[in-house]
Amino acid sequence: MTTAQHKIGSGFGADSTAGDVLKGIDLSGRLALVTGGYSGLGLETTRALAKAGARVVVPARRLSVAQEAVAGIDGVEVDELDLGDLESVRAFAERFLASGRTLDIVINNAGIMACPETRVGPGWEAQFATNHLGHYALVNRLWPAIEPGGARVVAVSSAGHHYSGIRWDDVHWKNGYDKWEAYGQAKTANVLFAVHLDRLGRESGVRAFSLHPGGILTPLQRHLAQQEMVDRGWIDEDGTPLNPAGFKTPEQGAATQVWAATSPRLDGLGGLYCEDCDIAEPAPADGQRIGVCDHAIDREQAARLWDLSAELTGVNAFA
């Protein structure tokens, strides 16, 4: 596969923070939307963008929790949104579009990981529905606000995409649910979404990227028992993070999505998967979970997923 997935020498790396990548970048007058921008990496992303001058919209399922979390950060507003509920997505988008504003940055940051088998909407598997379908519907409904300004759209994926491609014969895991493979499918979907959105939007100046933020201990791990994290070598028996696991701080974890959303080095590029504040290389053949897998950047699969998502949600801004 011929690919543009190669490092460009960004000057940043795994230890860079969101503040580092924004030095010298003035976002005054820019409007950003960060789903889940009130917890974990999302909150650090909100803080960094706002500090650089952007106004930030934070759609949140837990409205009061979000309002408390962002209190004191200038230029941040919160509105209600449940990505697992397409009616909530529609209502949020309608409220935003009614404001007449256009978006410069959209970061699809919210997500769930390795949850017990859970069904939302018409029986959809929750990780695929929340992490992918909800964001797919949100971006398509907000397209009238995304297109005019040539926004950058950033999908927060994960190295978890190595766990699974799209299970075309059973995307909702009606048979043999596995929480990690289901997470992997959802994260692959995030990458494929960015690949095809970039293909559709580039003529309008809209470019899309996806990324792995790195390993970070945040509320994303809320569905995991402590013993499971001990067994994986993430923490010790007392709950203390283990450095050999390679965990980043939340400020470092937020850096790649902020870089993808704002870096002038990415002007003219799109549809690419990033990690450690640079474009990622193709995944090696030895099975290491680094770089990006071929199944996540395949254009035919990206188009197929877009069509399936349009069929499931009933939304397609490009129909």
* Nonlocal amide H pairs with residue 79, under 5 Å, H built at 1.01 Å -> 58, 60
* Asked: Remind me, what semi-axes does the chain give for its equivalent ellipsoid, largest first in whole Å, using sqrt of 5 times each Cα gyration tensor eigenvalue?
  -> 25, 23, 21
* To do: Counting only C-alpha contacts under 8 Å and six or more residues apart, can you give the relative contact order of the range 25-182 as a whole percent?
  => 22
* Decide, for the range 96-191, between rounded, prolate and oblate: order the square roots of the alpha carbon gyration tensor eigenvalues as a ≥ b ≥ c, take rounded if a/c falls under 1.5, and otherwise choose prolate if a/b is larger than b/c, else oblate. => prolate
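Sort 187, 248, 179 so that the residue with the fewest other Cβ atoms within 10 Å of its own Cβ comes first and the one with the most comes last. Before the final figure, lay out the partial values.
On the way: 187 29, 248 21, 179 17.
Ranked by crowding around the Cβ, least crowded first: 179, 248, 187.
Please report 249, 46, 130 as a ranked list, fewest other C-beta atoms within 10 angstrom at the top and most at the bottom.
Values: 249 14, 46 31, 130 24.
So the residues, fewest neighbours to most, are 249, 130, 46.
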* **Relative contact order, percent, the chain [alpha-carbon distance under 8 Å, six or more residues apart]** => 23
* To do: In a Gaussian network model over the chain where Cα atoms closer than 10 Å are linked, find which of 287, 36, 13 has the largest mean-square fluctuation.
  => 287
* Under 20 Å from the 7 Å Cα→Cβ point of residue 77, by amide nitrogen: which residues of the range 89-114? -> 89-109
* Within the range 8-22, whose backbone N sits under 16 Å from a point 7 Å along Cα→Cβ of residue 249? -> 13-22
* What is the pair-distance distribution P(r) of the range 35-125, computed from all Cα-Cα distances in 10 Å bins starting at 0, with each bin given as a whole percent? -> 15, 47, 30, 8, 0
* Report the Stokes-Einstein translational diffusion coefficient (µm² s⁻¹, integer) for the range 260-319, Rh taken as the Kirkwood radius over Cα pairs, at 4 °C with viscosity 1.567 mPa s. => 94
* Asked: Taking the alpha-carbon set of the range 1-61, what are its Rg and Dmax in Å?
  -> 14.1, 40
* Asked: Per-residue HN-Hα couplings for the range 49-59, Karplus 6.51 cos²θ - 1.76 cosθ + 1.60 at θ = phi - 60°, whole Hz, x for Gly and Pro?
  -> 5, 5, 5, 7, x, 6, 8, 10, 9, 10, x
* Asked: Amide H to amide H under 5 Å from residue 254: which residues, 5+ apart in sequence or cross-chain, H placed 1.01 Å off N in plane?
  -> 18
* 3J(HN,Hα) from dihedral phi, the range 117-126, Karplus parametrisation 6.51/-1.76/1.60, rounded to Hz, x for glycine, proline -> 3, 9, 10, 10, x, x, x, 6, 5, 5
* Mind listing the long-range amide H neighbours of residue 278? Cut-off is under 5 Å, sequence gap 5 or more, other chains count too, H placed in the peptide plane at 1.01 Å from N. => none
* Asked: Given the Cα-Cα distance of residue 317 and residue 14 and 0.36 nm per residue of separation, how much length would full extension add, in nm?
  -> 105.5 nm
* **Check: the chain dipole with +1 on Lys, Arg Cβ and -1 on Asp, Glu Cβ, in debye** => 700
* Structure fact -> What helix-only [θ] at 222 nm does the chain give? Using -39500 (n - 2.57) per DSSP H run of at least 4, over all residues, to the nearest 500, the answer is -9500 deg cm²/dmol
* To do: Calculate I(q)/I(0) for the range 150-194 by the Debye formula, one identical point scatterer on each C-alpha and no solvent, and give its log10 at q = 0.27, 0.31 Å⁻¹ to two decimals.
  => -0.91, -1.10
* Structure fact -> Computed over the range 33-187, the distribution of all Cα-Cα distances in 5 Å bins, rounded to whole %, is 2, 9, 18, 21, 20, 14, 9, 5, 1, 0
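Where a number appears in this text, it was derived from the coordinates with a stated rule and is not lab data. Everything numeric here is computed off the predicted structure, so don't read it as measured data. Every residue, glycine as well, gets a Cβ built from its backbone with ideal geometry; the counts of neighbours run over all protein chains shown.
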